[in-house]
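Colleague: Structure incoming, see below.
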């Protein structure tokens, strides 16, 4: 390579005589180092407010199953529906919001108990007495998860609350 061309390339790589150095605490949005930095920054703040960090995961667009504390939950995007939550969950959410935790996605989950497989007996012409179990809808225990984005469709999952009926 010609010496003049090499000198010209070097000047463009270092405009105004300044060396170009990478920033040590700024990451591209999709950079895997960004995920570690986001978790390192927000974990202590979330835990100080009583929220549990569940790790970095993809944000589901359809219901997915998650096992937490030995219970299987079905999580889906929260949507815009209004939900009743215990005061402690509401207050934790507001405190995290007040601490400027940048939740972008919200997930709502309900407990999915393991149920035995059954099949009906053949229909008979006799009337069957109804029992109280036929009239009860199963109660499902809910959880709320906020997600701090680390990349498109991916983020740090934070358990804001779970409660049992």
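The values are calculated or read from the model by the stated rules, or taken from the named source; none is laboratory data. No experiment lies behind these values; they were computed from the predicted model shown. We place every Cβ from the backbone using ideal geometry, glycine too, and count neighbours over all the protein chains shown.
Yes/no matrix, rows are residues, columns are (1) in contact with a helix residue (DSSP H, G or I) (Cβ under 8 Å, 6 or more places away or on another chain); (2) in a strand (DSSP E or B); (3) modelled with pLDDT of 75 or more:
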{"site": "20", "(1), (2), (3)": "yes, no, no"}
{"site": "57", "(1), (2), (3)": "no, yes, yes"}
{"site": "92", "(1), (2), (3)": "no, no, yes"}
{"site": "115", "(1), (2), (3)": "no, no, no"}
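Colleague: Moving to a separate point now. Please verify whether residue 84 is in a helix (DSSP H, G or I), modelled with pLDDT under 90 and more than 11 Å from the chain's Cα centre (by Cα), treating the condition exactly as stated.
Modeller: In short, no.
Colleague: Another question about this same structure. Check 161, 98 and return the single one that is under 30 Å from residue 45 (Cβ atoms), at pLDDT 85 or above and loosely packed, with under 10 Cβ neighbours inside 10 Å. It would help to see each step written out before you state the result.
Modeller: Values: 161 fails: loosely packed, with under 10 Cβ neighbours inside 10 Å.
Exactly one residue qualifies, and that residue is 98.
Colleague: Say whether the condition of being modelled with pLDDT under 85 and within 21 Å of residue 151 (Cβ to Cβ) is met by at least one residue in region 33-41.
Modeller: Looking through region 33-41, at least one residue is modelled with pLDDT under 85 and within 21 Å of residue 151 (Cβ to Cβ).
Colleague: Separate question: For region 85-105, what are the residues that are in contact with a strand residue (DSSP E or B) (Cβ under 6 Å, 6 or more places away or on another chain) and under 20 Å from residue 151 (Cβ atoms)?
Modeller: Within region 85-105, 102, 103, 104, 105 qualify.
Colleague: Something else: Please go through region 30-40 and give me each residue that is surrounded by 13 or more Cβ atoms within 10 Å (Cβ to Cβ) and assigned to a helix (DSSP H, G or I), ordered by number.
Modeller: Hits for region 30-40 are 34, 35, 36, 37, 38, 39.
Colleague: Going by what's in this entry, would residue 65 be described as within 16 Å of residue 142 (Cα to Cα) and either modelled with pLDDT of 85 or more or surrounded by 14 or more Cβ atoms within 10 Å (Cβ to Cβ) (or both)?
Modeller: yes
Colleague: What are the residues in region 82-104 that are in contact (Cβ under 8 Å) with a residue 24 or more places away in the chain and over 18 Å from residue 154 (Cβ atoms), if any?
Modeller: Result: 83, 85, 86, 88, 89, 92, 93, 95, 96, 99.
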